[in-house]
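Please treat every number below as a calculation from the coordinates, not as lab data. A quick note: this is a predicted structure, and the numbers were derived from the prediction, not measured. Positions of Cβ are generated from backbone atoms using ideal geometry, with glycine treated the same way; all protein chains shown enter the neighbour counts.
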Amino acid sequence: MKNTAGFATRAIHHAYDPMSHEGALTPPLHLSSTFVFETADAGAEMFAGAREGHFYSRISNPTTDLLEQRIATLEGAEAGLALASGMGAISAALWTILSPGDELITDKTLYGCTFAFMRHGLAKWGVTITHVDMTDVQAVSAAVSDKTKVVYFETPANPNMRLVDIAGVSEIAHTVGAQVIVDNTYATPYLTQPITLGADLVLHSATKYLGGHGDVVAGLLVGRAEQIAEIRLVGMKDMTGSVMAPFNAMLILRGLKTLALRMERHCSTAHQVATWLEAQPVVSKVYYPGLESFAQQDIATRQMVKPGAMIAFEMTGGYAMGKALMDHLSLIMRAVSLGDAESLIQHPASMTHSTYTPQERAAHGISEGLVRLSIGLEDADDIIADLGQALVAIADKQAAPA
């Protein structure tokens, strides 16, 4: 299938010919851990990289290989790499690229485990971690130097929906020879392709929208073929061992087939819910790129096809009210992760970003009353009704005499 085919067509057909697999419509699952060489010379050539082929599933496998080709074409990249988790993708990439004495510049808002890895892993290894408000391109320009090896950010950022101008930051980073790594988990390649905007590497927690059904943990990475090959053999094979299982690759391949349809529904419902939330008296602020009140709507319009399905909002009662909302919902599930068919809600200060101290959360733009909502595939009216009854219950408790 040519790359000129549409997104959904490539997600379903790219790099697979049923007639090469006895007519099987669905790509076969290759559970073999090792592969037989035709001759000793053929094996030697594969180990030397002089011949294509699979010889051990810690390095490559036909099922994961198909997934890698699919995600690469959807992101507009040369090559892809399948890993055991999103954190596996992050750590394998950064361990490969960075050395002691290098500097990594990152946004002030990060997923909690990414923040912890940079602090507990990279910083202890001698890498300087510098946090910058990347919503301000000039702040990035002032921060980069000849020591800057990587510029890393999420857009939209987890959990508060801050956006980063991918093209603007990439241009600045490249002036000092730094590589730009973008976590595209929230947007997915259906909404944003950072490679086309100047990024060097793009990663995903494929656990989320790409899998889409809450039944797999996995990570994906795309970029230039030469660099992806290096990360495969160094960061993945030798340093982390963060290898995706073929069965998990099969589940993500299945998820990709419906990604376009699911994102359309996710986004449509999210816009309705965000608009409704904005009118609620116990909600002081809603962060959603599709709202006119969203401060960075201009960036969202430039680099996102649609505003996505993640919503963040502030409760007027701070930490206590943010937690209380969790316990008054019945349809929306209290759970971390996102991008599933089920709507999921969580309170970052007590859950995903509890690795930050309260002072760090304040410094990194994560308030105590912030709530993160992943809009699922349920009917919009049912999601709104569940939120409505929960907010009424909280308001009634707050108004009740002590």
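Using the number of other C-beta atoms within 10 angstrom as an exposure proxy, rank THR64, THR34, THR148 with the fewest first.
Working: THR64 27, THR34 10, THR148 21.
Ordered from fewest to most neighbouring Cβ atoms within 10 Å, THR64, THR34, THR148 come out as THR34, THR148, THR64.
For the residue pairs LYS285/LYS306; LYS147/LYS208; LYS147/LYS237; LYS208/LYS323; LYS149/LYS257; LYS257/LYS323, the C-alpha atoms sit more than 25 angstrom apart in LYS147/LYS208; LYS147/LYS237; LYS149/LYS257; LYS257/LYS323. Cβ-Cβ distance of LEU25 and ASP396, R₀ of 56 Å, FRET efficiency by 1/(1 + (r/R0)^6): the value works out to about 0.55. For region 24-62, the residues whose amide N sits under 14 Å from a probe point set 7 Å from the Cα of PHE247 along the beta carbon direction are 29-33.
Peptides 278-285, 374-381 ranked from most to least packed by the mean count of surrounding Cβ atoms within 10 Å: 374-381, 278-285. So which residue, out of LEU29, LEU191, LEU210, gets the largest mean-square fluctuation from a GNM of the chain using Cα contacts under 10 Å as springs? For the chain, modelled as a Gaussian network with Cα springs under 10 Å, the answer is LEU29.
Note: relative contact order over the chain, using C-alpha pairs below 8 Å and six or more positions apart, is 16 percent.
With 0.36 nm allotted per residue and the present C-alpha distance subtracted, the PHE47-GLU278 stretch has 77.4 nm of extension available.
The residues HIS174, HIS271, HIS204, when put in order of fewest to most other Cβ atoms within 10 Å, stand as HIS174, HIS271, HIS204. Modelled this way, with points 7 Å down the Cα-to-C-beta line, the labels at ASP298 and SER145 are 3.1 nm from one another.
Using the beta-carbon distance between ASP215 and ALA15 and R0 = 25 Å, what value does 1/(1 + (r/R0)^6) give for FRET efficiency, to the nearest 0.05? If you can, show how the numbers build up before the last one.
Values: r = 23 Å, r/R0 = 0.94.
Here the calculated transfer efficiency is 0.60.
In region 176-262, what trypsin sites (Lys or Arg not before Pro) fall in a loop by DSSP, with at most 15 other Cβ atoms inside 10 Å? Please list the in-between numbers first.
On the way: sites: LYS208, ARG224, ARG232, LYS237, ARG254, LYS257, ARG262; in loops: LYS208, ARG224.
Loop-located and lightly packed - ARG224.
Secondary structure note: in the chain, about 55% of the DSSP beta bridges are antiparallel. Stokes-Einstein diffusion coefficient for region 259-399 at 37 °C in a medium of 0.692 mPa s, Rh from the Kirkwood formula over Cα pairs: what value in µm²/s? After rounding, the answer is 214 µm²/s.
Give me ILE71, ILE59, ILE332 sorted ascending by neighbouring Cβ count inside 10 Å, so fewest comes first. Spell out each step's value before the answer.
Working: ILE71 27, ILE59 15, ILE332 23.
Lowest to highest Cβ neighbour count: ILE59, ILE332, ILE71.
Expected output is a single nm value to one decimal: the length gained when fully extending between THR128 and PHE7, i.e. 0.36 nm times separation in residues minus the C-alpha distance. What is it? Kindly include the intermediate steps, with their values, before the conclusion.
Numbers: separation 121, 0.36 × 121 = 43.56 nm, distance 3.88 nm.
Extending this stretch completely gives an extra 39.7 nm.
Counted over region 346-399 with a bin width of 5 Å, the fraction of Cα pairs per bin, in whole percents, is 4, 17, 19, 16, 16, 17, 9, 2. Spin-label model, ASP327 to GLU360: label points 7 Å out along the Cα-to-beta-carbon direction sit 2.7 nm apart. Taking label points 7 Å from Cα along the Cα-to-Cβ direction, VAL176 and PHE35 give a separation of 4.2 nm.
Averaging over every viewing direction, what projected area does the convex hull of the Cα atoms of region 76-133 cover, in nm²?
Values: hull surface 19.0 nm².
For region 76-133, the mean projected area of the Cα convex hull comes to 4.8 nm².
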